[in-house]
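**Student:** Below: one structure in structure tokens.
The values are calculated or read from the model by the stated rules, or taken from the named source; none is laboratory data. Worth saying up front: this structure is predicted, and the values here are computed from it rather than measured. Note that we place each Cβ from the backbone using ideal geometry, even for glycine, and neighbour counts take in every protein chain shown. In case anyone asks, the SASA skips ligands and DNA or RNA and just uses the protein heavy atoms, side chains included. Shrake-Rupley method; radii C 1.70, N 1.55, O 1.52, S 1.80 Å.
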Amino acid sequence: MRRPRFSLVAVLAAGALLTSACAEETPGGGGGGGGQTEPDDLLAEIQSRGTLRVATDPQYPPQSSLNDETGEWEGFDIDVATEIANRMGVEIEFITPGWEQIIAGSWQDRWDVSVGSMTVTPERDEVLHFATPYYYTPAAIAVREEDAATLTDVATDFDGATIGLCGGCTYEFYLDKTLDIPGEEIEFVIDDAEVRTYNTDVPAVKDLEVGRLDAAISSLTVLRGAQEEGSPIEIVGNVFHEPLSVAVDRSAALDPTRFVEELDRIVQEMHADGTLIALSEKWFGEDLSTKS
Amino acid sequence: MPDGPVVRIKGLHKSFGPLEVLKGIDLEIEPGEVVVIFGRSGSGKSTLLRCVNWLEEPSAGVVEVDGIRLEPGQRTRSRREHIREVRMRCGMVFQEFNLFPHLTALENVMEGPVTVRGLERTTSRRLAVELLGRVGLADKADEHPIRLSGGQKQRVAIARALAMEPTIMLFDEPTSALDPELIGEVLAVMKALATEMQMTMMVVTHEMGFAREVANRMLFLHEGEVVEEGPPSRILTEPQDARTRTFLAAVL
Amino acid sequence: MEVEKQIGGAGEIRPPGVPDEDLSRWQRAEVASLRVPFRVKLALVWLGVITVLGIMFVLVRFDLGWMAEHARFIFLGIPFTLLISVAAIILAVILAVLGSLARLSRNPIAFGVSGFYVSFFRGTPLIVQMFLIYAGLAQIGGNLRTMGYAWGELLILDSLLAGILALGLNYGAYMTEIFRAGIQSVAHGQAEAAQAIGMTYGQMMRRVILPQAVRVIIPPTGNEFIAMLKDSALVSFLGTVVSQMELFRRAQLVGIADFRPFEALILAAGMYWALTTVFTFFQQRLERRLSRGYVRAGSFQLGGGAAGHAG
């Protein structure tokens, strides 16, 4: 009699389910082990847990990307996050949801903090707490090398052009003319651009290379990183400056107030003692951590 | 087992939607009797047979098998159990054999005793081997049905039904799907069942030769009613009813 | 002397003994071609296709060196692809068995729930289902927890588990129909014979119907598994972590890290192609083996896997 051969496969499946269940810690909200008092806020929970869970989208070199030789994440954001964890006296764990998940808030306590070069905007501020900015980048506009010579003025050359950028990022809001960064004055000089959005910045750069786009807007750091990898693009100007901060979910189950204050303190410390300058030079070749 | 009829049918009606196929049948079959039911296709003879082991549920009437009484009604758990008990007492042989193709002949015959009656495998195997021997297929025990001829398949089917040790055997046109040269071997087994085992049998068939030799009683069914009934010696030579005469003239 | 009329050509009459050069080029080629075995022609066609692909490859100017360096890392995603697919197909089969029996049942609850299940999971895109299970369920879980029900936590699944669950539910719906058709394909007489010897519904299913249905069901199930190998890539959109990354996620991240997304994707495509080819080969062997003993040698049989799967 023929029987489906599922027994071996059942073992494999059980293994898969077990490994995946163990791979990621269960979200916080519960207390530490039996006998201890329940942590009453997020900071205490992190400390008693002994691990800081950081969200990062590893599709954003040189801030966050995969080093396949070591099998580890690497980048400016990775280093900053690791340093923060060190100063809190805890271990670090990286979770890697998509960018839309991170900026949306309602993290369901899957992770504690985002160290992801996130720009502070009023809309995001409604769902996330932001700490002191840890660095500032210009958002820049790039074109193909061969097109660079014909351009004269950022304010006029790109009106009506086809421009690619990362969807849900500040660059999109910039072209929509809805971008609002507290403390920054933004000049919306590009009119009627045809906007093409991508999941992340890198596909936008690739489409620019191929000729589908007239231009691409992204963080200066990303565009420079592309050039280093041989991308035949030229950066023709900055369009605005953005302060970038770490963020914490407002809807976290435990009160995040003290945690945000602690993050604030650590980031300011890292500014003061030169750590951020050093990391910035390491990854960007210049100090972007000081507001210019 | 109570004395008295093995099967008692009273007022059996069966309709399929608007079409009434059985219009009130009364029938009693005594132990050891061989009853042959014949008639045109559409006369209701297969339906009558299938009402005995409740493969068809009558629209009205009572069917009593071996003392177990069934009437049409809700399929409650206890009724389902009664239906099963009735079916275990009836051994059915189908026109299309319906052997289980994924099992060997031996396994086919063993299936009832092992799964339904709950007998031990060794006991069941012994029983099955003996039954296959009785139908003349001991050497085909380990063959799958696909390798058997039609006549061989039907004989295995008979053995499979016998393995349940039924009180009555129901045959639904057992040779109609067979090539002519294979009919004889099946009829021979059926005759042996009647003469050697005194098995009570209800047979729907066109094989009048078999009826003449083996049947105690013949029933002519016409449009859902028993038109004529009697021993084969009378029915086949001096049918009383005109309809019986017409039918027999065409068949014989 | 008889003058033979030549067939073809201009239909003109030629005296016999006229050399072949007078036959048109096309006719000569046709005659010569008939002598070449099919296998050889097939090999030439393959050679042609590969050459064209090779030329395209060169024109795109992929960074082959980079590809060689990073191929191994991407390749190591295959065990995870397999793990996801195997776990999900098992879930799908279980759901399909339950679902198909429910679709055939007279019980209003079973019939109703299974109808809804099949309609929803066949009627919405797989990627949408994945996000619903990953983010939507988590939202419900989070709210439940806020309301005081601690077990709401269980609904907050990690990416891998959410992906497997979504794949299993999705494929289970399609396979419910496959299994139902398989069960119904078992001739009605089989059920009658089983009932006639007094089997219960459960015995009938277990001993007679399902073993026969399985033979019909296995080829399309094999096809579903091969489709699932490819759909497993969608799990990456839920953001799997380093320890769980399957083939596509690895290619995606490695490619973006070095600004070479296309090179990475070509590698991934090649590996998926190899995977599905291998499994298709085994699938065909299995199909041939299953029909042995049921089909007389030399008889006509249709290829297996009639049920299609969208996307």
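**Student:** Select from segment C:199-253 the residues that are out of contact with any Pro (no Cβ under 7 Å at 6 or more places or on another chain) and part of a loop (DSSP other than H, G, I, E, B) and write down the one among them that is farthest from the other protein chains (Cβ to nearest Cβ).
**Tutor:** C:GLU246
**Student:** Select from segment A:79-92 the residues that are under 16 Å from the mean Cα position of the chain (by Cα) and either without any contact (Cβ under 8 Å) to a residue 24 or more places away in the chain or not assigned by TED's automatic domain parsing to the domain that holds A:VAL115 (or both) and list them in ascending order.
**Tutor:** A:THR82
**Student:** Okay, moving on. Test of understanding: among C:PHE73, C:PHE62, C:PHE80, which residue is part of a loop (DSSP other than H, G, I, E, B), under 30 Å from A:ASN67 (Cβ atoms) and touching a residue at least 12 places away in the same chain (Cβ under 8 Å)?
**Tutor:** One residue alone meets the criteria, C:PHE62.
**Student:** Quick test for you: out of C:VAL186, C:VAL254, C:VAL208, C:VAL241, pick the one residue that is assigned by TED's automatic domain parsing to the domain that holds C:GLU287 and closer than 28 Å to C:GLY54 by Cα.
**Tutor:** Sole residue among the options that is assigned by TED's automatic domain parsing to the domain that holds C:GLU287 and closer than 28 Å to C:GLY54 by Cα: C:VAL254.
**Student:** Oh, and also: Are there helices (runs of 4 or more DSSP H) fully within segment B:86-168 with at least 2 residues that are closer than 23 Å to C:ARG206 by Cα and within 8 Å of chain C (Cβ to nearest Cβ)? List them.
**Tutor:** B:150-162
**Student:** Condition first: in a strand (DSSP E or B), within 16 Å of C:ALA257 (Cα to Cα) and open to solvent by 10 Å² or more (accessible area, probe 1.4 Å). Now tell me which residues in segment A:42-64 satisfy that.
**Tutor:** A:TYR60, the sole residue that qualifies.
**Student:** Here are the criteria: (1) open to solvent by less than 100 Å² (accessible area, probe 1.4 Å); (2) modelled with pLDDT of 85 or more; (3) within 30 Å of C:PHE259 (Cα to Cα); (4) not β-branched (Val, Ile, Thr). Tell me which single one C:GLY48 does not satisfy.
**Tutor:** (3)
**Student:** In addition: Test B:VAL93 against the criterion of being touching a Phe, Trp or Tyr at 6+ places or on another chain (Cβ under 8 Å) and not polar (S, T, N, Q), and give yes or no.
**Tutor:** Answer is yes for this residue.
**Student:** I would also like to ask the following. Could you grab me the full set of residues in segment B:46-65 that are open to solvent by 10 Å² or more (accessible area, probe 1.4 Å) and not in a loop (DSSP other than H, G, I, E, B)?
**Tutor:** Hits for segment B:46-65 are B:SER46, B:THR47, B:ARG50, B:ALA60, B:GLY61, B:VAL62, B:GLU64.
**Student:** For A:LEU244, are the conditions met, namely being assigned to a helix (DSSP H, G or I) and either within 19 Å of the chain's Cα centre (by Cα) or of a type outside the set (Lys, Arg) (or both)?
**Tutor:** Considered against the rule, which asks whether it is assigned to a helix (DSSP H, G or I) and either within 19 Å of the chain's Cα centre (by Cα) or of a type outside the set (Lys, Arg) (or both), A:LEU244 comes out as no.
**Student:** Let me confirm something: among A:ALA272, A:ALA216, which residue is among the aliphatic types (A, V, I, L, M) and free of Cβ contacts under 8 Å to residues at least 24 places away in the same chain?
**Tutor:** Step by step, each of A:ALA272, A:ALA216 is checked, and only A:ALA272 is among the aliphatic types (A, V, I, L, M) and free of Cβ contacts under 8 Å to residues at least 24 places away in the same chain.
**Student:** For segment C:122-166, give me each residue that is open to solvent by 70 Å² or more (accessible area, probe 1.4 Å), away from chain A (no Cβ under 12 Å) and not in a helix (DSSP H, G or I).
**Tutor:** C:PRO125
**Student:** Then there is this: Mind listing whichever residues of segment A:231-262 are within 14 Å of chain C (Cβ to nearest Cβ), open to solvent by less than 10 Å² (accessible area, probe 1.4 Å) and farther than 30 Å from A:THR156 by Cβ?
**Tutor:** Once the filter is applied, which keeps residues that are within 14 Å of chain C (Cβ to nearest Cβ), open to solvent by less than 10 Å² (accessible area, probe 1.4 Å) and farther than 30 Å from A:THR156 by Cβ, segment A:231-262 yields only A:ASP249.
**Student:** Name the residue, out of A:GLN101, A:GLN108, that is assigned to a helix (DSSP H, G or I) and more than 30 Å from A:GLY274 (Cα to Cα).
**Tutor:** Testing whether each residue is assigned to a helix (DSSP H, G or I) and more than 30 Å from A:GLY274 (Cα to Cα) leaves just A:GLN101.
Every residue, every condition in (1) in contact with a Lys or Arg (Cβ under 6 Å, 6 or more places away or on another chain); (2) at pLDDT 90 or above; (3) under 25 Å from B:PRO166 (Cα atoms), yes or no:
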{"site": "B:VAL203", "(1), (2), (3)": "no, yes, yes"}
{"site": "B:VAL214", "(1), (2), (3)": "yes, yes, yes"}
{"site": "B:LEU221", "(1), (2), (3)": "yes, yes, no"}
{"site": "B:VAL226", "(1), (2), (3)": "no, yes, no"}
{"site": "B:SER233", "(1), (2), (3)": "no, yes, no"}
{"site": "B:PRO239", "(1), (2), (3)": "yes, no, no"}
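**Student:** Same structure again: Considering only segment A:141-176, how many residues are buried (at least 17 other Cβ atoms within 10 Å of the Cβ), modelled with pLDDT under 85 and β-branched (Val, Ile, Thr)?
**Tutor:** Here the count works out to 1.
**Student:** Just the residues that are open to solvent by 60 Å² or more (accessible area, probe 1.4 Å), within 14 Å of another protein chain (Cβ to nearest Cβ) and more than 18 Å from the chain's Cα centre (by Cα), please, taken from segment A:177-217.
**Tutor:** Residues satisfying the conditions are A:VAL210, A:ARG212.
**Student:** Moving to a separate point now. From the set of residues in segment B:1-38 that are touching a strand residue (DSSP E or B) at 6+ places or on another chain (Cβ under 7 Å) and not in a strand (DSSP E or B), which is least open to solvent (accessible area, probe 1.4 Å)?
**Tutor:** Per the criteria, the residue is B:VAL6.
**Student:** Here's another thing I want to ask about it. Have a look at A:GLN268, A:GLN227 and point out the one that is under 16 Å from A:VAL115 (Cβ atoms) and of a type in the set (S, T, N, Q).
**Tutor:** Step by step, each of A:GLN268, A:GLN227 is checked, and only A:GLN268 is under 16 Å from A:VAL115 (Cβ atoms) and of a type in the set (S, T, N, Q).
**Student:** Please enumerate the residues belonging to segment C:143-201 that are of a type in the set (Phe, Trp, Tyr) and without any contact (Cβ under 8 Å) to a residue 40 or more places away in the chain.
**Tutor:** C:TYR149, C:TRP151, C:TYR201
**Student:** I'd like to verify a number: residues in segment B:174-188 that are touching a residue at least 40 places away in the same chain (Cβ under 8 Å) and surrounded by fewer than 22 Cβ atoms within 10 Å (Cβ to Cβ), how many?
**Tutor:** Count: 3.
For every residue, the table says whether it meets (1) of a type in the set (Ser, Thr, Tyr); (2) farther than 19 Å from A:ASP249 by Cβ.
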| position | (1), (2) |
| --- | --- |
| C:PRO125 | no, yes |
| C:LEU132 | no, yes |
| C:LEU137 | no, no |
| C:GLY141 | no, no |
| C:THR146 | yes, no |
| C:GLY152 | no, no |
| C:ASP158 | no, no |
| C:LEU161 | no, yes |
| C:GLY172 | no, yes |
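**Student:** Of C:ALA274, C:ALA268, which residue is open to solvent by less than 30 Å² (accessible area, probe 1.4 Å) and either within 14 Å of another protein chain (Cβ to nearest Cβ) or of a type in the set (A, V, I, L, M, F, W, C) (or both)?
**Tutor:** Checking each option against the conditions leaves just C:ALA268.
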